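The values are calculated or read from the model by the stated rules, or taken from the named source; none is laboratory data. All figures in this text were calculated on a predicted structure; none of them were measured in a lab. Here the Cβ is made from the backbone with ideal geometry for all residues, glycine too, and neighbour counts use every protein chain on show. Ligands, DNA and RNA are stripped out before the accessible areas are found, and what is left, the full protein with its side chains, is counted by its heavy atoms. Shrake-Rupley method; radii C 1.70, N 1.55, O 1.52, S 1.80 Å.
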Amino acid sequence: MNSGLIKRVVLRNYRSIAHCDVELSPLTVIVGRNAAGKSNFVDALRFAKDALRNRLADALQMRGGFGDILWKESGELPQRFSIEIELGLDVGAAVYAFVVEASDQSARISSERCDVSFGSGGWVKLSSDNGRPTVLTDLSPHA
């Protein structure tokens, strides 16, 4: 297995994408008609990287702000979008997911989770809901 290989991406309300759940392989080709969401799919991965490396506000501003990122349904804006990324790791697998929602005149990460499972059967789950962190671990091998 290749360390850090993206295996799956789930998006909700991100730009032109209401919902998608895409499993990826080491070579994945994304094809579709113009304005189908190919570039927005790739941008969601960039957004996750930018939000992790910089501040959320900076990642939003680089894309025109929170309102410009939200999928528009019948002219009404949803109040949140989410990104979930599943990685294959040399020692197991990991899922990182977060939800960004409107908060007064800005946006904030309302929930976030990172689940890591190890080939030995152990796991670690980290999550935050409205700023309240939770950590669950079971690192012992299962019989």
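Picking from residues in region 101-143 that are hydrophobic (A, V, I, L, M, F, W, C) and not in a strand (DSSP E or B), the one that is modelled with the highest pLDDT is Leu139. Within region 82-111, residues that are aromatic (Phe, Trp, Tyr) have Cβ atoms under 6 Å from residues that are assigned to a strand (DSSP E or B) and surrounded by 18 or more Cβ atoms within 10 Å (Cβ to Cβ) in these pairs: Tyr96/Ile85, counting only partners at least 6 apart in sequence or on another chain. Here Phe66 fulfils each of the conditions (1) open to solvent by less than 30 Å² (accessible area, probe 1.4 Å); (2) more than 14 Å from the chain's Cα centre (by Cα) apart from (1).
Of the listed requirements (1) in a helix (DSSP H, G or I); (2) open to solvent by 90 Å² or more (accessible area, probe 1.4 Å), Ala51 misses just one: (2). So in region 79-100, with the set limited to residues that are open to solvent by 30 Å² or more (accessible area, probe 1.4 Å) and not aliphatic (A, V, I, L, M), which one is nearest to Tyr14 (Cα to Cα)? This residue is Arg80.
Could you check region 1-43 and list, in sequence order, the residues that are open to solvent by 30 Å² or more (accessible area, probe 1.4 Å), under 24 Å from Val116 (Cβ atoms) and either under 17 Å from the mean Cα position of the chain (by Cα) or acidic (Asp, Glu) (or both)? Hits for region 1-43 are Gly4, Leu5, Ile6, Lys7, Arg8, Arg12, Asp21, Val22, Glu23, Leu24. Taken over region 1-54, the criterion of being closer than 21 Å to Arg80 by Cα and among the acidic types (Asp, Glu) is satisfied by Asp21, Asp43, Asp50. Taken as a whole, region 11-18 holds at least one residue that is of a type in the set (A, V, I, L, M), in a strand (DSSP E or B), in contact with a Cys (Cβ under 8 Å, 6 or more places away or on another chain) and within 25 Å of Ser128 (Cβ to Cβ).
Quick one: in region 29-87, which of the residues that are out of contact with any Phe, Trp or Tyr (no Cβ under 7 Å at 6 or more places or on another chain) and of a type in the set (Phe, Trp, Tyr) is nearest to Ser16 (Cα to Cα)? By that ranking, first place goes to Phe41. Determine, yes or no, whether Ala59 is surrounded by 11 or more Cβ atoms within 10 Å (Cβ to Cβ), in contact with an Asp or Glu (Cβ under 7 Å, 6 or more places away or on another chain), under 30 Å from Phe118 (Cα atoms) and modelled with pLDDT of 95 or more. For Ala59, the condition - surrounded by 11 or more Cβ atoms within 10 Å (Cβ to Cβ), in contact with an Asp or Glu (Cβ under 7 Å, 6 or more places away or on another chain), under 30 Å from Phe118 (Cα atoms) and modelled with pLDDT of 95 or more - is not met. With respect to Arg46, is the statement that it is open to solvent by less than 30 Å² (accessible area, probe 1.4 Å), within 14 Å of Tyr14 (Cβ to Cβ), among the basic types (Lys, Arg) and at pLDDT 85 or above true? Spelling it out, it is not the case that Arg46 is open to solvent by less than 30 Å² (accessible area, probe 1.4 Å), within 14 Å of Tyr14 (Cβ to Cβ), among the basic types (Lys, Arg) and at pLDDT 85 or above.
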